[in-house]
Amino acid sequence: MEVDGSPDRFTEPRPMEYSGRNQKTPQAKCCSPTLKIFIGLLAFCYFTKSLTGAYTKSTITQIERRFEISSSTVGIINGSFEMGNLLVITVVSYFGAKFHRPKIIATGVLLMAIGTLLMALPHFIMGRYKYDTAAAHTNDADNITVSTICSSDTQNTVQQLVSGCLKGEAESSPTWVIVLFGNILRGIGEASIGPLGMSFIDDYARPENSAFYIGCLHTLGVIGPIFGYSLGSLCGSLYVDILNQDSVTITPQDSRWIGAWWLGYVVSGLLTLFAALPLWFLPRALPENPQSTKLDHPSNQHKHTLSITEMAKDFGASLKRLLTNGIYLLYLANSVFIFNAYTILVTYTPKYLEQQFGQSASNTNFLIGGISVPAVALGIFLSGWIMKRFKLSLLGSTKLMFFTSVISLVCTIPLFALSCENIDVAGVTVPYQGSIEVQNSSRHLLTSCNADCGCSDFQWDPVCGQNGVTYISPCHAGCNSTQGAGQNMIFHGCACIPSWELTSGNSSAVLGQCSRESSCTKMLYIYLALQSLAFFVYCLGTTPFFVVSFRIVDPALKSLSIGIFLLVLRVFGGIPASIYFGALIDSTCLKWGQKKCGGSGACRIYDIETFRYIYLGLVSSLRAFSYVLLWMVITQIKRKVQNENQMSKNTELQTVCAM
């Protein structure tokens, strides 16, 4: 594609070249040693930032439970990264290109490291995590033994807990705001890496190698999530208070389990800090490269230094030129819809797998990191190789995006049929007496078998009855005696369990929810295989996704086009998607946890069928609409190329006739 000064005028490039780029002489070096060092360091920055990003996604459920907040609030925390990014992305992408780009990137990576370490801070200022359990624990301050079996003392125990709450003993401050602020700092720091890094590579690499380098960069960046999810799996298997593992009476499958979510932020924060240091020692430009811009070339830097006022005026004119490019705006609209779907997938896939297939956070993160992420990495790498091997034109790149996207969408259709049934929870998903429907009301948690037990509605201490039904606490199961201690505790004399089968037997229960059916694990692996195939096919068109965004504009607007591109994606995709979809997830909650001092906590159980249709249906709809817009982009590019080629032929014909 060749640009003649107007962002809307271009012609189809020859197979061996890209638009807006001067061809190198045969003597030009393929890639200077300094550029290779820069690409290597930038790849490590991509690795650390993607590792932290993936780890953040893997801790969504843990953060929700630790701070007793809803999915929509967690969505705000997740979206705060985009909020911080959009605060500076446009300014950094435009003005940063006129200064020392490697040092600006280094500053951004340093901010990311500080923000990541800050996200772990709440763990060290909060008290130990305490959960209600029938395996009695003692409050040292008041010497109160908390018990959730059916007894005449249960109501007195609840009253004592409320009394302690009124004294200010039970509630902690909303320290999740610190996590939010740390994520905002991460977003601010990340703003410099993409626009300045990719434009720096595009300025100093051979035209046919630029797309390949960017593809390799993103491939190495995708390796980060493999380690991020693996780190999330490891930390999720450790109890949040590492030094108190022996006193834990719940398992990682329990909805009250919280892993060592803070530990991964410490590890990734230190890695990010290490990644920032070497970038400070790189030069501003590569003078030996013929493609070095006049502004960056050392011999011309003193001649082209602009004042802030002059750059601000030039910014307005450049922005106007960019926003009057019709094809760029249409491509931007397509990208907004696909980025909404991408945000939902990346943010809530771990939670979806946990709820649909009854997996622990640790196991879910391990499977995502070991199966899905490698497929993404391979797809991105091959995407860059395809661009380099076949030297695709702008039109060819866009067509590659379209066909891989449509095939990927078709591969996701079978996912709608892969799920497990909701577990049977008495009074929540099934009634006590065996009728088919259950109304969503707390009074259905109580029935004649437990009406005199004084059970608290906000309790969630599930037990599994011998009839295969889960009860939200031993009290709600009507159990009146216990045997054993800790995780081996067994409850006897459970009056509500026989009422299910209308027999006099099966009156005992054990701690924890009942297991899902055995076919659930098989469905999970089928789901992951199909999802990984869809991810792989889609990622074959990933490199063109970024390359097209700055090939359809004037070369002087490359950094600004990427900055505006990422800004719009975050404002209309990254931020709202995680929040509104979190609210949609909250709407499927069947049983909310309650804070001891009042107010809703984290959701304990969801209607997984509704969850499935909302999750898969919304993502598929967003993708389908975005592909319609992408087809319109292809037709506009094709029409423009044909017009430019016709004008070129007419000019040549007039020249021949004049001779």
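Here are the numbers for this structure:
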{"item": "Solvent-accessible heavy-atom area per residue, rounded to whole Å², over the stretch 556-659 at 1.4 Å", "result": "45"}
{"item": "Amide H within-cut-off set for TYR606, under 5 Å, with H built and near neighbours excluded", "result": "LEU590"}
{"item": "J(HN,Hα) series, the stretch 337-350, from Karplus relation 6.51 cos²θ - 1.76 cosθ + 1.60, nearest Hz, glycine and proline x", "result": "5, 5, 6, 4, 5, 4, 4, 5, 4, 5, 6, 10, 4, x"}
{"item": "Potential lengthening between SER518 and ASN643 on full extension [0.36 nm per residue; Cα-Cα distance subtracted]", "result": "38.9 nm"}
{"item": "Karplus 3J(HN,Hα) series, Hz, for the stretch 107-120 with 6.51 cos²θ - 1.76 cosθ + 1.60 (x for Gly, Pro)", "result": "4, x, 5, 4, 4, 4, 5, 4, x, 5, 5, 5, 5, 7"}
{"item": "Solvent-accessible area, 1.4 Å probe, carbon plus sulfur percent, for the stretch 358-413", "result": "77"}
{"item": "Spin-label pair ALA451/PHE416, simplified geometry with 7 Å Cα→Cβ offset, distance in nm", "result": "4.5"}
{"item": "Distance between the stretch 30-78 and the stretch 575-592 - C-alpha centres, whole angstrom", "result": "22"}
{"item": "Amide H partners (placed H, <5 Å) of ASP461, local residues excluded", "result": "SER473"}
{"item": "³J(HN,Hα), Karplus 6.51/-1.76/1.60, whole Hz, each residue of the stretch 400-412, x for Gly, Pro", "result": "4, 4, 5, 5, 5, 5, 5, 4, 4, 5, 4, 5, 8"}
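The values are calculated or read from the model by the stated rules, or taken from the named source; none is laboratory data. This one's a predicted model, so the numbers in the text were calculated from it and none came from an experiment. Don't worry about glycine lacking a Cβ; one is built from the backbone with ideal geometry, like all the others, and counts go over all protein chains shown. When the accessible area is computed, the model is the full protein with side chains, heavy atoms only, and any ligands, DNA or RNA have been set aside. Shrake-Rupley method; radii C 1.70, N 1.55, O 1.52, S 1.80 Å.
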